[in-house]
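The values are calculated or read from the model by the stated rules, or taken from the named source; none is laboratory data. Since this is a predicted model, take the numbers as computed values, not measurements. Positions of Cβ are backbone-derived with ideal geometry, glycine not excepted, and every protein chain shown enters the neighbour counts.
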Amino acid sequence: MIGGLFIYNHKGEVLISRVYRDDIGRNAVDAFRVNVIHARQQVRSPVTNIARTSFFHVKRSNIWLAAVTKQNVNAAMVFEFLYKMCDVMTAYFGKISEENIKNNFVLIYELLDEILDFGYPQNSETGALKTFITQQGIKGQVSKTKEQSQITSQVTGQIGWRREGIKYRRNELFLDVLESVNLLMSPQGQVLSAHVSGRVVMKSYLSGMPECKFGMNDKIVIDKQGKGGASDEAGKSGKQSIAIDDCTFHQCVRLSKFDSERSISFIPPDGEYELMRYRTTKDIILPFRVIPLVREVGRTKLEVKVVIKSNFKPSLLAQKIEVRIPTPLNTSGVQVICMKGKAKYKASENAIVWKIKRMAGMKESQISAEIELLPTNDKKKWARPPISMNFEVPFAPSGLKVRYLKVFESKLNYSDHDVIKWVRYIGRSGIYETRC
Amino acid sequence: MKWEGTKAITAPTTPVTENRQFGSKMTDSKYFTTTKKGEIFELKAELNSDKKEKKKEAVKKVIASMTVGKDVSALFPDVVNCMQTDNLELKKLVYLYLMNYAKSQPDMAIMAVNTFVKDCEDPNPLIRALAVRTMGCIRVDKITEYLCEPLRKCLKDEDPYVRKTAAVCVAKLHDINAQLVEDQGFLDTLKDLISDSNPMVVANAVAALSEIAESHPNSNLLDLNPQTINKLLTALNECTEWGQIFILDCLANYTPRDDRESQSICERVTPRLSHANSAVVLSAVKVLMKFMEMLPKDLDYYGTLLKKLAPPLVTLLSAEPELQYVALRNINLIVQRRPEILKHEMKVFFVKYNDPIYVKLEKLDIMIRLASQANIAQVLAELKEYATEVDVDFVRKAVRAIGRCAIKVEQSAERCVSTLLDLIQTKVNYVVQEAIVVIKDIFRKYPNKYESVIATLCENLDSLDEPEARAAMIWIVGEYAERIDNADELLESFLEGFHDESTQVQLQLLTAIVKLFLKKPTETQELVQQVLSLATQDSDNPDLRDRGYIYWRLLSTDPVAAKEVVLAEKPLISEETDLIEPTLLEELICHIGTLASVYHKPPSAFVEGSRGVQHKRLPGSAGSGESVDSPDTGSAAGVSEAPPAVIPSQGDLLGDLLNLDLTPPTATGPPPAPSSGMQMGAMDLLGGGLDSLMGDESEPPPIPLRTDTPQSPQLSHQSPSPPDYSPTELGGDLGGSPAMGAGFGAPAAAMPATFSAPVSGGLDDLFDLGGGVGMPMGAYSPPKTVWLPAMKAKGLEISGTFARRAGVIQMEMTLTNKAMSVMTDFAIQFNRNSFGLAPAGPLQVLTPLSPNQSIEVALPLSTVGPVMKMEPLSNLQVAVKNNIDVFYFSCQYPISMLFVEDGKMERQVFLATWKDIPNDNESQFQIKDCHLSSDAASSKLQGSNVFTIAKRTVEGQDMLYQSMKLTNGIWVLAELRVQAGNPNYTVSLKCRAPEVSQCVFQSYEAMLKN
């Protein structure tokens, strides 16, 4: 298991060091600094073995988190734990920065003591942790034993992510369907790979221990219902259903029930959390198409023309559109003409950045640029990185639709109808690239 | 239901559970800044202050100094004094300090014990747990004694939070003092916790037990049986994500009793594949990959399971890059073990521009593994893109990958070659060199096809500065010397700096010039003289010297033979490269998700001490898994499996020593599935090594191997002759004794494994090839019959027979490839059978089997395998695997194979036994049409270990009394009546196990009539 956990700043100074196992010594702290943080080469692997000691690291802005072990640990678990550690810290004190870590080092030690015992990760749900790790001592030293045992049963219980006795005057929930479309297109407009990775994020402000059931236009579910129910409706909705390649769920979802009936039922954590993640590859709506045209005029000039076309309902508006056209390293000057938005050559980023605030569906826009090059004797050809794009659209490119989210709380006197529900869809660009 | 449409809304950020107060906390960073000299003194004063706040501040400063690495151990007593407080925050800080320094101040650490013991009684469960958790972290022997009582109480605490903490504490205590834990009976308490009502307690107990069990490989600590498994599976649904990982990792160590149990566990584990935590997913994949081995392939569920595995594996690729890396390393293993799972998922492994380099390199590896005729066009287009990227390592790998595609998918070879030529035109130094290395491999795979490009290659001769590329180029020049007009000039130019070259290049240059000489003897005599003397006289490298001498001698004795040897046709190289050796792969599959699977090394290679030394293995397929999983053989298996981890590296070393060829891994085909690494070493030594030594001649010549003894430099005219052993003697002495045979299966035999295995495996083969003798006593062996027709086995035909040669039972087979593609990776396995026959070594098929090629294999058998009565008794069910599939057939062996050499009974004993066996057990048979005299029959039978003990003649009828003993110790007594002039014999058989009589009779008939 994890033998020790260190946090370093960008210089390699130790901010936090917690050792769990006897086989990890102080020299391990230095070994990582010397071999990884101060290494001249780019990081070649997130797992490094130095003198029979394995180091796992992740970086958050300029902070390094490293887990150390001498055993054959579950590597995936260690990384998952490091991410979780970051989440917990963010939930407690915001951004992970040197200053914040120094300001909260006592708290971090307290957390590390709780969520990692002898190197074994323990319950690390922030909701539960915040009930007893407060930096104020256990809530009031005088508090009742009843309350303490409630805490412990929650930390160890089956529903470790929610405490009992939550009350809201207004029962309300928000669902965000957040998708990122990923695309790799050839210069000729052929889709090399495209997929949507989506997340359903829920903010729940519900009283008691509500039992929820979530439904979407999942092809498998709809086909199944179609078989038994009215064929007319099934035919209609069948068109709109989507094929989900794979999905993963927050630990509150009963996986065995999903496996057998494909229904998504759960008792949600309080506040914001990620209910599910999914991935689709079929029938994706690609909101934009990028058509590049690069021409080399002699050895010192490039002509670039890029057309973007929006491909969705004219009534919808895409926002925050940004097209990034890479330029060679030996670029000396660029002239840009664009019909819409603003375009600028950024020498430090070796790219022309073209920004458009808004664009309606079924429109097209164009940019052309002349790039002057310095003559070089560099034998190596310019690698021509792909043109990448960023945008935000108010629909789900995968076609996913939320059908229902039912809430049942039998003990308290509110019903599904009394819950105010909100839903929104946001499609963003993931890695949206067109080769040129 | 009212849906409020799709308008954008922002949720209020209600700080519901936010009860932390910032305020004073914002100043904690100041503790890091103190660097004054009198610091310790000041701190001491503050620690002893009366004011609580000041105390706390002081402890914080101490902890901050500790973090930065300053030694604050001098403050030990002062800090410990602060322990008696009801401020929990302060208490935790003091505990943190204690854990760090207790070891250096053991005597003073005792001061803390009282507080711990008191805290363990506290009404607040959080305080009880904190005390027991911290106490376990104080690694001072004296403290552990005081720890026992509180720990015992906490293990039975009413609060689950305390119990789950106590469970981990047992593991801590075990780490400090294992004996104490056993003596105090904590292990049993821990086992009881597996049945606890709280899932998290179960999970922690499982984690603790698994870890303790790891350091006691032979203990039956984690007594996994269907009941406990059921409990674990129930807890799996309810515990935290981390708990699920502990439980799944533990489940993976279990071996189900049969395929039904295996399936039911799989069914309960598959829902975990949808968990958001990648580690849960990977651990579930591990359990499924392992248990799948036990499922029959024709089962519907087997196919369903395969389909279910792909999507979650693909989803792992959308995780954070570090996890992607772990996932990709694992997918690399999974793809090698079960290529079918991801064969349609090529696209997800395409490299993204922004992927970190470690992800890019791994994706590339998997792309090559998944490349097939169906997707090759796409793959090549991608690879071409990658070859223009910036990262040197990545570009090199991409170029190499293009070559691997050419070798793997024949249809694409032409396109690959032209792509490579394009790349060479870029003149980017490392691209050119990499391309030349792979083109050499393409030449070897497709001889006489792409040689037209040689001219282009030669243009780049000067830019090659890496040994591998130079060696590759030299090989090409030597190999195609007859087509390159100025080959001699080219090679001569290399010769100038001969001593500055690396060994790889030197060896290659030597071989290339000898090739050139054999092709164009007239104009290159001087050159060859020069290189031979450089290699033999001026070099310190024994490999180079020896190769030089061998060439020299060959050339001077028999140039024709030299030509045959040096210019022999080379075996084709195999298409799959860089495969992980199968035993290692199996072990790594059992370690999916862990560091071992990331490093692609067994845990023993990077873990110190006793942990992880135990090798894991996949369970056998349905029906043959018995020998692996029964707990009592567990320890034995552990011992017998230990060597492979060490020996392969040695094998590689030997391979390197002898593999004088420049050939990178691509050029020699991977050895066929050896089940133990030792054999691999032996094979390299005897097969591959010599192969390449002799210029890739396909048959290992029978000369003794002496890599370390330089021979006399004069040109002797006598060719080295093999030592004067008769092959049979050697075979009998070394490979033949029954004890040796048993040594394979039963590691209890005190035979040094390193010795016995290569001898029986390698030498036997060698001698069989050389002589084919080995029937000194003329044991009967039936003619070969077709066991597995090609139609049933996708083109693989197996015919075979059994023979007993020098006391070793052998299965002699002819494997014929009647398919269109090359077959590799042969392996064999037997089902349980009546006499426990089992392969004593792996199936030795050294070279890939090309289409229409046949190969003779002799597989030595042992009789210590698992036993199950078959119907008929001598039925043997066999599974043969190759790169294409697994095939099953059954055959019957003559029982005379099992007659052992010491089957001669004393006369007296014979008489007594004959009488002793009840008459019911006697059976009589007629052998018709046999024209042998009784003496001839007797000697013939003797050859097969049927011993005549007495002979009696009554009224012109010869009565032969004979005895034989089976490998399992069963005696069979026989009376053979032969009447002169009557071709019909009568056999009466008496045996305590009358079932065998029928078989023995059949053997009699076969032996006599043969």
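Do we have any residue at all in region B:949-959 that's loosely packed, with under 14 Cβ neighbours inside 10 Å, assigned to a strand (DSSP E or B) and hydroxyl-bearing (Ser, Thr, Tyr)? Break it down stepwise before answering.
Pass one, region B:949-959, residues loosely packed, with under 14 Cβ neighbours inside 10 Å: B:950, B:952-956.
Cutting the leftovers down to assigned to a strand (DSSP E or B) gives us B:950, B:952-954.
After this cut, where a residue has to be hydroxyl-bearing (Ser, Thr, Tyr) as well, the list is B:953.
Taking every residue of region B:949-959 in turn, at least one turns out to be loosely packed, with under 14 Cβ neighbours inside 10 Å, assigned to a strand (DSSP E or B) and hydroxyl-bearing (Ser, Thr, Tyr).
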Among the helices (runs of 4 or more DSSP H) contained in region B:470-583, which hold 2 or more residues that are touching a residue at least 12 places away in the same chain (Cβ under 8 Å), more than 30 Å from B:SER372 (Cβ to Cβ) and touching a Phe, Trp or Tyr at 6+ places or on another chain (Cβ under 6 Å)? B:503-519, B:525-537
Which listed residue is within 14 Å of chain A (Cβ to nearest Cβ), charged (D, E, K, R) and within 20 Å of B:ILE334 (Cα to Cα), from B:LYS286, B:LYS290, B:LYS297: B:LYS286
Can you pull out every residue in region B:245-265 that is surrounded by 20 or more Cβ atoms within 10 Å (Cβ to Cβ), within 14 Å of chain A (Cβ to nearest Cβ) and more than 14 Å from B:PRO312 (Cβ to Cβ)? B:ILE245, B:PHE246, B:ILE247, B:ASP249, B:CYS250, B:LEU251, B:ALA252, B:ILE265
Filtered residues of region B:171-201 (kept if in a helix (DSSP H, G or I), among the β-branched types (Val, Ile, Thr) and either more than 15 Å from B:ILE138 (Cβ to Cβ) or more than 34 Å from the chain's Cα centre (by Cα) (or both)): B:VAL181, B:THR189, B:VAL201
Exactly one condition in (1) among the charged types (D, E, K, R); (2) more than 11 Å from every other protein chain (Cβ to nearest Cβ); (3) part of a loop (DSSP other than H, G, I, E, B) is false for A:ASP22; which is it? (2)
I'd like to check something: does region B:212-227 contain any residue that is within 13 Å of chain A (Cβ to nearest Cβ), more than 22 Å from B:ASN330 (Cβ to Cβ), surrounded by fewer than 23 Cβ atoms within 10 Å (Cβ to Cβ) and of a type in the set (Gly, Ala, Ser)? yes
Just one of the numbered conditions (1) facing chain B (nearest Cβ under 7 Å); (2) surrounded by 21 or more Cβ atoms within 10 Å (Cβ to Cβ); (3) of a type outside the set (Lys, Arg); (4) closer than 28 Å to B:ALA171 by Cα is not true of A:TYR109; which one? (2)
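Residue-by-condition table, conditions (1) out of contact with any helix residue (DSSP H, G or I) (no Cβ under 6 Å at 6 or more places or on another chain); (2) of a type in the set (Gly, Ala, Ser); (3) under 17 Å from B:CYS169 (Cβ atoms):
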| position | (1), (2), (3) |
| --- | --- |
| B:GLU46 | no, no, no |
| B:MET83 | no, no, no |
| B:LEU88 | yes, no, no |
| B:ASP119 | no, no, yes |
| B:VAL132 | no, no, yes |
| B:ARG139 | no, no, yes |
Could you count how many residues in region B:60-100 are within 14 Å of another protein chain (Cβ to nearest Cβ), of a type in the set (A, V, I, L, M) and part of a helix (DSSP H, G or I)? 12
Check B:VAL431 against each of (1) crowded, with 22+ Cβ neighbours inside 10 Å; (2) closer than 13 Å to B:MET346 by Cα; (3) within 11 Å of chain A (Cβ to nearest Cβ) and name the one condition it does not meet. (2)
Scan region B:101-120 and tell me whether some residue there is small (Gly, Ala, Ser), within 14 Å of another protein chain (Cβ to nearest Cβ) and closer than 17 Å to A:PHE118 by Cβ. yes
Name the residues in region A:346-385 that are of a type in the set (Ser, Thr, Tyr) and either part of a strand (DSSP E or B) or over 32 Å from the mean Cα position of the chain (by Cα) (or both), would you? A:SER365, A:SER368, A:THR376
Taking B:ASP259, is it touching a residue at least 40 places away in the same chain (Cβ under 8 Å), among the charged types (D, E, K, R) and out of contact with any helix residue (DSSP H, G or I) (no Cβ under 6 Å at 6 or more places or on another chain)? yes
Output the residues belonging to region B:157-170 that are in a helix (DSSP H, G or I) and under 12 Å from B:ARG128 (Cα atoms). B:PRO160, B:TYR161, B:VAL162, B:ARG163, B:LYS164, B:THR165, B:ALA166
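Determine whether B:LYS164 is in contact with a Phe, Trp or Tyr (Cβ under 8 Å, 6 or more places away or on another chain), at the interface with another protein chain (Cβ under 8 Å from one of its Cβ atoms) and among the charged types (D, E, K, R). Break it down into steps so the answer makes sense when it comes.
Working: in contact with a Phe, Trp or Tyr (Cβ under 8 Å, 6 or more places away or on another chain): no; at the interface with another protein chain (Cβ under 8 Å from one of its Cβ atoms): yes; among the charged types (D, E, K, R): yes.
It is false that B:LYS164 is in contact with a Phe, Trp or Tyr (Cβ under 8 Å, 6 or more places away or on another chain), at the interface with another protein chain (Cβ under 8 Å from one of its Cβ atoms) and among the charged types (D, E, K, R).
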Tell me yes or no: at least one residue of region B:435-458 is of a type in the set (Val, Ile, Thr), within 20 Å of B:ASP578 (Cα to Cα) and in contact with a Ser or Thr (Cβ under 7 Å, 6 or more places away or on another chain). no
Can you find even one residue in region B:883-892 that is in contact (Cβ under 8 Å) with a residue 24 or more places away in the chain and crowded, with 22+ Cβ neighbours inside 10 Å? no
Members of region B:960-979 that are farther than 26 Å from B:VAL808 by Cβ and either crowded, with 17+ Cβ neighbours inside 10 Å or touching a residue at least 40 places away in the same chain (Cβ under 8 Å) (or both): B:LEU960, B:TYR961, B:GLU975, B:LEU976, B:ARG977, B:VAL978
Across region A:242-281, which residue is nearest to the chain's Cα centre (by Cα) among those that are polar (S, T, N, Q) and within 10 Å of another protein chain (Cβ to nearest Cβ)? A:THR248
Would region B:907-928 turn up any residue that is in contact (Cβ under 8 Å) with a residue 12 or more places away in the chain, in contact with a helix residue (DSSP H, G or I) (Cβ under 8 Å, 6 or more places away or on another chain) and under 18 Å from B:PRO782 (Cβ atoms)? yes
Of (1) within 13 Å of chain A (Cβ to nearest Cβ); (2) in contact with a helix residue (DSSP H, G or I) (Cβ under 8 Å, 6 or more places away or on another chain), B:GLU385 satisfies every one except (2)
Which one is farthest from B:GLU241 (Cα to Cα), of the residues in region A:115-146 that are modelled with pLDDT of 90 or more and more than 8 Å from chain B (Cβ to nearest Cβ)? A:GLY119
Filter pass, A:ILE7 being buried (at least 17 other Cβ atoms within 10 Å of the Cβ), in contact (Cβ under 8 Å) with a residue 24 or more places away in the chain, within 8 Å of chain B (Cβ to nearest Cβ) and in a strand (DSSP E or B): no
Out of B:PRO296, B:PRO311, I need the residue that is over 21 Å from B:LYS164 (Cβ atoms), out of contact with any Leu (no Cβ under 7 Å at 6 or more places or on another chain) and outside any loop (DSSP other than H, G, I, E, B). Which one? B:PRO311
Options A:GLY94, A:GLY119: the member that is surrounded by fewer than 20 Cβ atoms within 10 Å (Cβ to Cβ) and on the phi > 0 side of the Ramachandran plot: A:GLY94
